[in-house]
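Student: Okay, handing you the structure first.
Taken together, the values in this text are just the output of simple stated rules run on the coordinates, not laboratory data. Since the model is a prediction, treat every value here as computed from it, not as a measurement. Backbone-built Cβ (ideal geometry, glycine too); neighbour counts: all protein chains shown.
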Amino acid sequence: MPHRLPLVFVHGNGIPRPVYQKMLIGLSHRFIATGVDRLGHDPQYPVTEAWPRLLDQLRNHISAVGEPVTLLGHGSGGWLSLLAAYRVPELVSTVILLDAPLPTVAQARLLNLLKHLGVGDMPGRLFSAGPDIEALDPECQSLYRRFGCRPSDALDGSASVAEPRRFDAAVSRRIHQTYPLGLAALVARGAPVDGSGRVVSCGMLVGERSRAARVCGLAASRSLTGKNLVRIEGSHLFPLERPLVTAKEIVRLHDRMVGLDAVYGNATARHAAPAQSKAMQAFG
């Protein structure tokens, strides 16, 4: 490969990018990885309903790279990555989601009803129910304890942010409560497509013991990714449990996706492009 490819990593809710350092180092032979350290903490890009300002922040970061990037996102970071691919598909070569199961349209409607009933943080609860910190890779565990927002903090708002790079519990709660339910409708229409008709290849690694995958199911995720949905040992936090193994699987999946995109891209694009363009207007 003549040069390393640009990759923008989007961290999960409550877990700043530095916590994933070991996984990102494992990708460094193939990718030049960048990303925002703590989404939702810049007052210029606050967390609001459906994440439009977070999307602006990510879009600006992608644009600054200067060439199409691979977007790699964990959990809610995967959802935001996918939104960015729909918003600026010409700036995205591929999207790889790490344990970010997508709701169907029917599930999104149910979540919207729950939000009106006062259970608006239900999507986030699928991911935040008591991860086993002791099961993390030792290096990741140390960084998680230092910078991450513990699940109990996110639910009761008790976290201290004495460490400048610590994830704020209040921000984590707002991200839980403002999940972009319109993403389900976009996914139902097909993969992101740019103005030339090129389909943005989408893939996903899913933890074998992922609570989110068990509760949400993988129907919508499979409809988007097809054969590019791969199971991997671990819970929702598998990128921190086995970071170097995860890095190898990311590279393997990426290489397969690039090959499949060349074969199937044009046919899928003709079907997906018109409907997606209209639907994306809802996200500004």
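Student: Please work out how much length the chain gains when fully extended from Ser28 to Gln44, using 0.36 nm per residue of separation minus the C-alpha to C-alpha distance, in nm with one decimal.
Tutor: 2.7 nm
Student: What is the calculated FRET efficiency for Val251 to Arg222, with r their C-beta to C-beta distance and R₀ = 22 Å, to the nearest 0.05?
Tutor: 0.50
Student: Can you compute 3J(HN,Hα) from phi for each residue in the range 70-81, using the Karplus curve 6.51 cos²θ - 1.76 cosθ + 1.60 with θ = phi - 60°, rounded to whole Hz and x for Gly and Pro?
Tutor: The phi angles translate into 8, 9, 10, x, 9, x, 4, x, x, 4, 5, 4 Hz.
Student: How far apart, in nm, are the 7 Å Cα→Cβ label points at Val215 and Ala106?
Tutor: Computed distance between label sites Val215 and Ala106 equals 1.9 nm.
Student: Multiplying the sequence separation of Val258 and Glu208 by 0.36 nm and subtracting their Cα-Cα distance, what value in nm do you get?
Tutor: 15.6 nm
Student: Per residue, what volume in Å³ does the Cα convex hull of the range 1-47 take up?
Tutor: Dividing the Cα hull volume of the range 1-47 by its residues yields 68 Å³.
Student: Now for a different question. For the range 68-119, what is Rg from Cα atoms divided by 2.2 N^0.38 Å, rounded to two decimals?
Tutor: 1.35
Student: Between Glu233 and Arg145, what is the FRET efficiency for a Förster distance of 25 Å, r being their Cβ-Cβ separation, to the nearest 0.05?
Tutor: According to the calculation, E is roughly 0.65.
Student: Among Thr48, Thr94, what is the fewest-to-most ranking by other Cβ atoms within 10 Å?
Tutor: Thr48, Thr94
Student: Binning at 5 angstrom from zero up to the longest distance, how are the C-alpha pair distances of the range 159-260 distributed in percent?
Tutor: Bin by bin from 0 Å, the calculated values are 2, 10, 15, 17, 19, 17, 11, 6, 2, 0.
Student: To continue, here is another question. Just report the Cα centroid separation between the range 197-236 and the range 53-101, whole Å.
Tutor: Value for the Cα centre distance between the two parts: 16 Å.
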